[in-house]
């Protein structure tokens, strides 16, 4: 009798847990399906990036760039490449910021709106169909970028947002409508719609534990019923 009462309580708890975690389980399944429908390369907009041939540095290139004496930030890398017919040296610091210099050592000014649009036109399919462009400071970037660097946001006619670094002069991200949908369902999947980065969100952990408990109770009840049927058959 005691064992039967315990099993009835298990069954009741299993039902209540099923109602409690049913919606999150359905949401995890649906959001997971949405995220795997398209290849991640297409979600990231890699198919929109043109295969632009890189111009090699001329053999007689003279680079007179030294590390800025007034800077105290540790340097991560220094690279030189041809950008729109000019040799540009980029110094990237450990904090992610960077500066660009001409071959004579003169620091280049931040990227202008016209330059940002030209870069998008040269490197992105449909980049000539610009709807609008806007500059964002490092501390006020849009939600679909979420990196603390100053950028130009170039909005295309198909809804794609292309982000060009004002300091780097490079395309930092391509955010298509599909990417924004993916990002939203990812936030639902990990139950963090605010930052969409916390994969250890307390609510997520709580419902995962409740789901595991409900599944465990279901297994106990299943094997118990099978045992009872076997006894009744004999």
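The values are calculated or read from the model by the stated rules, or taken from the named source; none is laboratory data. Just so you know, these numbers come straight off a predicted model, no measurement behind them. So basically every Cβ, Gly included, is an ideal-geometry build from the backbone, and we count neighbours across all protein chains shown.
Being under 21 Å from residue 49 (Cβ atoms), free of Cβ contacts under 8 Å to residues at least 12 places away in the same chain and surrounded by fewer than 16 Cβ atoms within 10 Å (Cβ to Cβ) narrows it down to one of 128, 139, so name that one.
128
How many residues does the stretch 158-187 contain that are in contact with a strand residue (DSSP E or B) (Cβ under 6 Å, 6 or more places away or on another chain) and either under 25 Å from residue 30 (Cβ atoms) or loosely packed, with under 13 Cβ neighbours inside 10 Å (or both)?
1
On the basis of being closer than 25 Å to residue 93 by Cβ and either assigned to a strand (DSSP E or B) or assigned by TED's automatic domain parsing to the domain that holds residue 31 (or both), does residue 174 make the cut?
In short, yes.
If residue 28 satisfies every condition in (1) surrounded by 16 or more Cβ atoms within 10 Å (Cβ to Cβ); (2) modelled with pLDDT under 85 but one, which is the exception?
Every condition holds for residue 28 apart from (2).
This table checks each residue for (1) within 13 Å of the chain's Cα centre (by Cα); (2) without any contact (Cβ under 8 Å) to a residue 12 or more places away in the chain; (3) in a helix (DSSP H, G or I).
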site: 181; (1), (2), (3): yes, no, yes
site: 194; (1), (2), (3): no, yes, no
site: 203; (1), (2), (3): no, no, yes
site: 221; (1), (2), (3): no, no, yes
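Taking the stated definitions as given, is residue 97 surrounded by fewer than 16 Cβ atoms within 10 Å (Cβ to Cβ) and touching a residue at least 24 places away in the same chain (Cβ under 8 Å)?
Considered against the rule, which asks whether it is surrounded by fewer than 16 Cβ atoms within 10 Å (Cβ to Cβ) and touching a residue at least 24 places away in the same chain (Cβ under 8 Å), residue 97 comes out as no.
Quick one: how many residues across the stretch 130-145 are assigned to a loop (DSSP other than H, G, I, E, B) and farther than 19 Å from residue 93 by Cα?
The qualifying residues number 6.
Would you be able to say whether some residue in the stretch 74-86 is modelled with pLDDT under 90, part of a loop (DSSP other than H, G, I, E, B) and in contact with a strand residue (DSSP E or B) (Cβ under 6 Å, 6 or more places away or on another chain)?
The answer is no; no qualifying residue exists.
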